[in-house]
1. Go through segment 416-496 and tell me which strands (runs of 3 or more DSSP E), entirely inside it, have 1 or more residues that are at pLDDT below 95.
2. Identify all residues within segment 65-84 that are of a type outside the set (Gly, Ala, Ser) and either outside the structural domain of Glu466 (by TED's automatic domain parsing) or in a strand (DSSP E or B) (or both); write none if there are none.
3. Take Thr200 and tell me if it is within 19 Å of Thr442 (Cβ to Cβ), crowded, with 22+ Cβ neighbours inside 10 Å and of a type in the set (Val, Ile, Thr).
4. Among the residues of segment 482-505, is any of a type in the set (Val, Ile, Thr) and closer than 27 Å to Thr442 by Cα?
5. Give the residues of segment 17-26 that are modelled with pLDDT under 95 and either more than 28 Å from the chain's Cα centre (by Cα) or more than 19 Å from Gln64 (Cα to Cα) (or both), sorted by residue number.
6. What residue, among those in segment 435-455 that are within 18 Å of the chain's Cα centre (by Cα) and farther than 22 Å from Ala99 by Cα, is surrounded by the fewest Cβ atoms within 10 Å (Cβ to Cβ)?
Amino acid sequence: MTKSALQIARAAYQPKLPKALRGAVKVSEGEATQSVADQEEIKKLFPNTYGMPLLKFVESNEGQSFPAINVGVILSGGQAPGGHNVISGLFDGIKTLNADSKLYGFILGPGGLVNHDYMELTGDIIDEYRNTGGFDIIGSGRTKLEETEQFEKGLEILKKLGISALVIIGGDDSNTNACVLAEYYAAKKYGVQVIGCPKTIDGDLKNEMIETSFGFDTACKVYSEVIGNIQRDCNSARKYWHFIKLMGRSASHIALECALQVQPNVCIVSEEVEAKDMSLDDVVTYIAQIVANRAEKGNNFGTVLIPEGLVEFIPAMKRLIAELNDFLAKNAEEFSHIKKSYQREYIISKLSKENSEIYASLPESVARQLTLDRDPHGNVQVSLIETEKLLSEMVAKKLDQWKAEGKFNGKFAAQHHFFGYEGRCAAPSNYDADYCYSLGYTASVLIANGKTGYMSSVRNTTAPAEEWIAGGVPITMMMNMERRHGEMKPVIQKALVKLDGAPFKKFAADRDTWAINTDYVYPGPIQYFGPTEVCDQPTKTLKLEQA
Ligand code: FBP
């Protein structure tokens, strides 16, 4: 396989570990925990894994000997930079505990466990993937692990391979499933531990004990580099408005972080749109007004950042999507037999008056997207909705109207971009390389200590790695009850952008200046070698949150 010069040099990078993980480790138990909400219901559903204590690893002078163990690993959901380092940290961790331990990877996500599709991950294979982006070592998938038959089918292969612990690397939904599986295996006394690791570029799997999900750092840096380049182009040609949609299925963390890094003219934050009960027209008017204000100063150019999940946060659209989700969950069979050309009318005839009016007013492509193509978790695949085009078309219409009324005298020409897949498999930044390796290594220590239903946690990551704190958080602690597929289910609470949080407040304090001025910042590409202030910076979001 031909490798790039960077790949070869990067293979030699030794990720940093928290001090406590560099030698023998002692587990320090904290207070018993509670779920974030709906305590009674969650406790009832997870009698074996509810209320467990927080765990912190501390250095120990007593070396311990551990028996060899066989561990399985699954990459679940969307790719995120650093996944290979979680696996190499886990591999090095179990080998340090006992050189005869083995690691098996299940192929193409949770489906690999159910279908008994696996491979042993040996040292040679692991070495090929250290510090590389992507999930291609074993592949990833979005199969939802939630049925008893799947758990039992999985157990067959775990028993056959002598696997006593499974590590599931995934986002909030996958870690919810990891917890359900941990509870099931514990209740049945099958002797299989299940540990989760917080992955997602979206940055929405975080809480008091999980500072950030891995991949967010690298992905935002890649997008910010490219947005910075577009801003240079924009400020050189001075003739286009660039509408840039950024991934993030639900939360706007990516758009907000990129805004803090590049200082665009406009950034929409979905959570604010929802809190202010804004309509689609309100969002369009807000952008159009900034275009008009800049035009008055002769600046017929600019940048607009749009979070991918926006449509689901516009309250009227959210109500429509909720009714559609419930309706389609209950009538999937009937809907699948409706002719494509009649589907729109069919939906209009089935929805409540308010929702059918909104649905009927949507452009054909957006309306179709809302009824088709749900992911296995029942979510609308917002990355397929071309919000950047929807908004720029509506802004253009509004400006035409203002022109006719004499309120706008500038020019408006738009370019469209969508950044998501460009960043999900980038070579991990130093931050993600170190963080991921530490998360994987932490998982091995949780396994060695017989834990199940825990998520690997590495905290204090804005300090040097020396001072990072590793441990485990019971997954049930992050749960609440939410409506999914028309039913109430226990799920990990998604971390949306907090409007009273430091990152949003900083953005809100500066955005009016960025709107009218041209204060662009050009972050440039991720640097892996060089001064620490260039190579080892965490995200602005994390720094502001931890300040
Ligand atoms: P995860 O939540 O699984 O990490 O995936 C995040 C994400 O990248 C979203 O930002 C995006 O909406 C979605 O995946 C796209 O999914 P797919 O790769 O299946 O098209």
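The values are calculated or read from the model by the stated rules, or taken from the named source; none is laboratory data. Given the structure is predicted, the values throughout are model-derived calculations rather than measurements. Note that each Cβ is placed from the backbone with ideal geometry, even for glycine, and that neighbours are counted across all protein chains shown.
1. Details: elements: 454-459, 469-474, 479-484, 487-492.
Ranges flagged: 479-484, 487-492.
2. We begin by selecting, within segment 65-84, every residue of a type outside the set (Gly, Ala, Ser); these are 66-67, 69-71, 73-75, 79, 81, 84.
Hits for segment 65-84 are Asn70, Val71, Val73, Ile74, Leu75.
3. Working: within 19 Å of Thr442 (Cβ to Cβ): yes; crowded, with 22+ Cβ neighbours inside 10 Å: yes; of a type in the set (Val, Ile, Thr): yes.
So Thr200 passes the test.
4. The initial filter retains those residues of segment 482-505 that are of a type in the set (Val, Ile, Thr), namely 491-492, 497.
So of that shortlist, the ones also closer than 27 Å to Thr442 by Cα come out as 491-492.
The answer is yes, given that some residue of segment 482-505 is of a type in the set (Val, Ile, Thr) and closer than 27 Å to Thr442 by Cα.
5. Of segment 17-26, the ones modelled with pLDDT under 95 are 19-26.
Those that are modelled with pLDDT under 95 and either more than 28 Å from the chain's Cα centre (by Cα) or more than 19 Å from Gln64 (Cα to Cα) (or both): Arg22, Gly23, Ala24, Val25, Lys26.
6. Met455
Yes or no, residue by residue, for (1) closer than 26 Å to Tyr435 by Cα; (2) surrounded by fewer than 20 Cβ atoms within 10 Å (Cβ to Cβ):
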{"residue": "Ala99", "(1), (2)": "yes, yes"}
{"residue": "Lys102", "(1), (2)": "yes, yes"}
{"residue": "Pro110", "(1), (2)": "yes, no"}
{"residue": "Asn131", "(1), (2)": "yes, no"}
{"residue": "Phe135", "(1), (2)": "yes, no"}
{"residue": "Gly139", "(1), (2)": "yes, yes"}
{"residue": "Arg142", "(1), (2)": "yes, yes"}
{"residue": "Glu147", "(1), (2)": "no, yes"}
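Residue by residue, here is whether (1) at pLDDT below 95; (2) charged (D, E, K, R); (3) within 16 Å of the ligand (Cβ to nearest atom) holds:
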{"position": "Ser140", "(1), (2), (3)": "no, no, yes"}
{"position": "Glu149", "(1), (2), (3)": "no, yes, no"}
{"position": "Ala182", "(1), (2), (3)": "no, no, no"}
{"position": "Lys199", "(1), (2), (3)": "no, yes, yes"}
{"position": "Thr218", "(1), (2), (3)": "no, no, yes"}
